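The values are calculated or read from the model by the stated rules, or taken from the named source; none is laboratory data. A quick note: this is a predicted structure, and the numbers were derived from the prediction, not measured. Cβ atoms come from the backbone with ideal geometry, glycine included; neighbour counts cover every protein chain shown.
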Amino acid sequence: MKNHLKEKLIAVIVLCACIVLGMVYLVLSPKGSATEPVSTPTASSAIETSTPAPTAVPTEVPADTVSDDSITRLIDQEHTVSADYVPASLQQPDVTSNHMQTVRSELVQPLIDMFADAESAGYDLKLVSGYRSYTEQTSLWYTYEERHGRSYAQRIDDHPGASEHQLGLAVDLGNASGRCELNACFAYSDAYTWLKENSYRYGFIERYPDGAEQITGIMYSPWHYRYVGIEEAEKIHASGLTMDEYYLQH
Ligand SMILES: [Zn+2]
């Protein structure tokens, strides 16, 4: 009987020991290792780990400043056009105070829109001059030279073959009243302030701004605007650079 009790006691102790050992094992064993499924490659994981397909990076096509018919043609004494160059399409824009001036067809509607919005803002503009042929530019150049001397003439106007007016892409603008026409005092008019702030929205830039004669080669001409298209005008305007700097040094 005594031995029987002793055997029972040993059995209980062994059982308790087994339970304790079992609990210790459960506590110390790596968590989750037994329950986590073994990961197998799936279609989605295969996509994630494969080399990503190259994404198309938009490459900006540089503006054409060389072709004679390009609206961004850069023209000066080093980059002239031939005497017989005439733009393919010249039109007379239907704007008020237009004295039979023509321009390249691309800027007809932008010019009409700009004049209309300027009028709505309270400023009546005048298209003083647009396209000028090589012959007309030659005549004008010699008139200036005779009147002001060669060195001064070079500062106020381009040599024949070097004028944006021959491209049909330049306009000289003024007040409809004719006040300060082609004169530096136009810079003090409200119409000029409006043009300076808004012309780029229609594709025009001030081509010979104040303080830029060393760069442009032409004296400050607040009346002279150059059409380059809205997209380019917005970029040039935002850069704060002259057209020369923007395309030759940018
Ligand atoms: Zn001009």
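Structure above, values below:
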| read-out | value |
| --- | --- |
| Residue match in region 161-170 (condition: in contact (Cβ under 8 Å) with a residue 40 or more places away in the chain and surrounded by fewer than 16 Cβ atoms within 10 Å (Cβ to Cβ)) | no |
| Selection within region 214-236 - of a type in the set (D, E, K, R) and either within 11 Å of the ligand (Cβ to nearest atom) or modelled with pLDDT under 95 (or both) | Arg226 |
| Checking Tyr144 against (1) within 14 Å of the ligand (Cβ to nearest atom); (2) out of contact with any Lys or Arg (no Cβ under 6 Å at 6 or more places or on another chain); (3) modelled with pLDDT of 95 or more, the condition it does not meet | (3) |
| Looking only at region 112-133, and only at residues there that are over 23 Å from Ala184 (Cβ atoms) and within 15 Å of the ligand (Cβ to nearest atom), the one that is farthest from the chain's Cα centre (by Cα) | Ser133 |
| Selection from region 75-111 of residues that are of a type in the set (A, V, I, L, M, F, W, C), within 27 Å of the chain's Cα centre (by Cα) and surrounded by 14 or more Cβ atoms within 10 Å (Cβ to Cβ) | Ile75, Val81, Leu90, Val103, Leu107, Val108, Leu111 |
| Filter result for the condition that a residue is within 13 Å of Arg226 (Cβ to Cβ), buried (at least 19 other Cβ atoms within 10 Å of the Cβ) and basic (Lys, Arg), over Arg207, Arg132 | Arg207 |
| Residue in region 190-201 that is within 20 Å of Ile71 (Cβ to Cβ), within 15 Å of the ligand (Cβ to nearest atom), at pLDDT below 95 and part of a helix (DSSP H, G or I) present | no |
